[in-house]
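Colleague: Got a structure here, written out as structure tokens. Questions coming.
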Amino acid sequence: MKTILKEGKYAAKGKQVYLEVLRIMAIILVIFNHTGNNGFFLFSVSGKSIWTPVYLFCSIACKIAVPLFWMISGSLLLGKEEPIKTVYRKRVLRMVIVLAVFSFIQYLYNLLFLGQSDIGGIVYFLNRLYTNKWATAYWYIYAYIGILIVLPVLRKLIANMEEKDYKYLFTISILVNGAIPIVQYLAGKGQWTLNSRVFENLLSMNVVYFIAGYYFGKVIKKESMTIKKALIFLFVGGIAIAISCFMTKFQIAQTGSALEKDAQKFHNSLSIFPTCAVFYTMRFWFDHIRISNRMTKILSALGGATFGVMLIENIMRNQLKPMFESLKVHIHIFPACMVWVLCAWGAGTIITLIMKQIPGLKKII
């Protein structure tokens, strides 16, 4: 093992390659998360198939996708020093422009390609842009804008945090979002819920993951990272997913509903464990392997395209779904779904790389 894990450079032009790889992983999982009963919630319609536990495990494991994006952003942004006006001009304004431009693209797609002639005119577009969202994944942009607005305060916060403060924050988050909901559901079968006002002022999990990204990306020293710790993290992450699988089956048994909108109560409960495990492992791995300049450029390009892929992933999925329908007749539905997801990611990446050549779009995606 020591002959394989040698110190190697993993940064090129200021980029940290492990973050680019994490971006690629995350966006593929995001696309999978939007496949419904064809993949993401296949476990709920697969009956007594021997593969049902695998489908359920994948369904919950894919929930690390968005937390990974939060951690990546936190790792990159929290350590910077910028005036508030720079944050608004450089970051908030960019996200607002992206949201407006691509929401309008979604509006045109619904109108021209999906034939939704009843979606109204410009007033309807602006109202939905302001009050709702034009694509499922766009909730993340709204949330990201909110994070950017409080970014200057978060930077001040972490500047005064010690390692014990990070551990306290993570422990409380695990208790509030994982341990307490699980224990009270097992005890009361969904009838008992702790008064929400007890923890309503706790930082949201989006912020917790944002801070966790800085902790695992910057606070933890490279010298303290080991293979043993990575394996322990991964093992604990796997156990956390298994517990969430059990709780999901338990909830379905109690409620009688396996619908996607009803049976996700515990999908994210313990996702902090596998998310941090993957982040830690990828950072450790890319700190200790040699990677060619060519591969670094390829991974950086693919990782740099993930934001654009997220903006159009629903379009890619919809346009490529006939391929999936045709393919599942010849092979099992799950591998057909995997091909569909990867093709949607590939097509979205190619289109994003093309869009990045357009002067106006290049600056915002």
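Colleague: From the set of residues in the stretch 161-176 that are open to solvent by less than 60 Å² (accessible area, probe 1.4 Å) and of a type in the set (Val, Ile, Thr), which is farthest from GLU81 (Cα to Cα)?
Modeller: Per the stated criteria, the residue is VAL176.
Colleague: Which of the following residues is assigned to a helix (DSSP H, G or I), at pLDDT below 95 and within 26 Å of LEU157 (Cβ to Cβ): ARG23, ARG89?
Modeller: None of the other options fit; the residue is ARG89.
Colleague: Under 30 Å from PHE170 (Cα atoms), open to solvent by 50 Å² or more (accessible area, probe 1.4 Å), assigned to a helix (DSSP H, G or I) and at pLDDT 95 or above - does that describe any residue in the stretch 57-76?
Modeller: Yes.
Colleague: Give just the number: which of (1) within 28 Å of ILE211 (Cβ to Cβ); (2) open to solvent by 50 Å² or more (accessible area, probe 1.4 Å) does PRO53 not satisfy?
Modeller: Status for PRO53: all satisfied but (1).
Colleague: Ok, one more. Of everything in the stretch 292-346 that's of a type in the set (S, T, N, Q) and closer than 21 Å to ASN33 by Cβ, which residue is surrounded by the fewest Cβ atoms within 10 Å (Cβ to Cβ)?
Modeller: ASN318
Colleague: Are any residues in the stretch 33-50 assigned to a helix (DSSP H, G or I) and open to solvent by 20 Å² or more (accessible area, probe 1.4 Å), and if so, which ones?
Modeller: ASN33, ASN37, ASN38, SER44
Colleague: Further, regarding this structure: Residues of the stretch 202-222 being hydrophobic (A, V, I, L, M, F, W, C), in contact with a Ser or Thr (Cβ under 7 Å, 6 or more places away or on another chain) and open to solvent by less than 10 Å² (accessible area, probe 1.4 Å), which ones?
Modeller: VAL208, PHE210
Colleague: Hey, another quick one. Does PHE286 satisfy the criteria of being at pLDDT below 95 and open to solvent by less than 30 Å² (accessible area, probe 1.4 Å)?
Modeller: Spelling it out, PHE286 is indeed at pLDDT below 95 and open to solvent by less than 30 Å² (accessible area, probe 1.4 Å).
Colleague: Could you grab me the full set of residues in the stretch 243-263 that are in contact with a Lys or Arg (Cβ under 6 Å, 6 or more places away or on another chain) and open to solvent by 20 Å² or more (accessible area, probe 1.4 Å)?
Modeller: Hit for the stretch 243-263 is GLN254, nothing else.
Colleague: Could you list, in sequence order, all residues of the stretch 106-160 that are in a loop (DSSP other than H, G, I, E, B) and either surrounded by fewer than 16 Cβ atoms within 10 Å (Cβ to Cβ) or among the acidic types (Asp, Glu) (or both)?
Modeller: Of everything in the stretch 106-160, those that are in a loop (DSSP other than H, G, I, E, B) and either surrounded by fewer than 16 Cβ atoms within 10 Å (Cβ to Cβ) or among the acidic types (Asp, Glu) (or both) turn out to be PHE113, LEU114, GLY115, GLN116, SER117, ASP118, ILE119, GLY120, GLY121, ASN132, VAL150, ASN160.
Colleague: So if I check each of ALA258, ALA240, ALA253, ALA263, which one is in contact with a Pro (Cβ under 8 Å, 6 or more places away or on another chain) and more than 17 Å from ALA26 (Cβ to Cβ)?
Modeller: One residue alone meets the criteria, ALA240.
The values are calculated or read from the model by the stated rules, or taken from the named source; none is laboratory data. Just so we're clear, the structure is a prediction, and the values are computed from it rather than from any experiment. A quick note on method: Cβ atoms are made from the backbone with ideal geometry, for glycine too, and the neighbour counts reach across all protein chains shown. These accessible areas exclude ligands, DNA and RNA; they are computed on the full protein's heavy atoms, side chains included. Shrake-Rupley method; radii C 1.70, N 1.55, O 1.52, S 1.80 Å.
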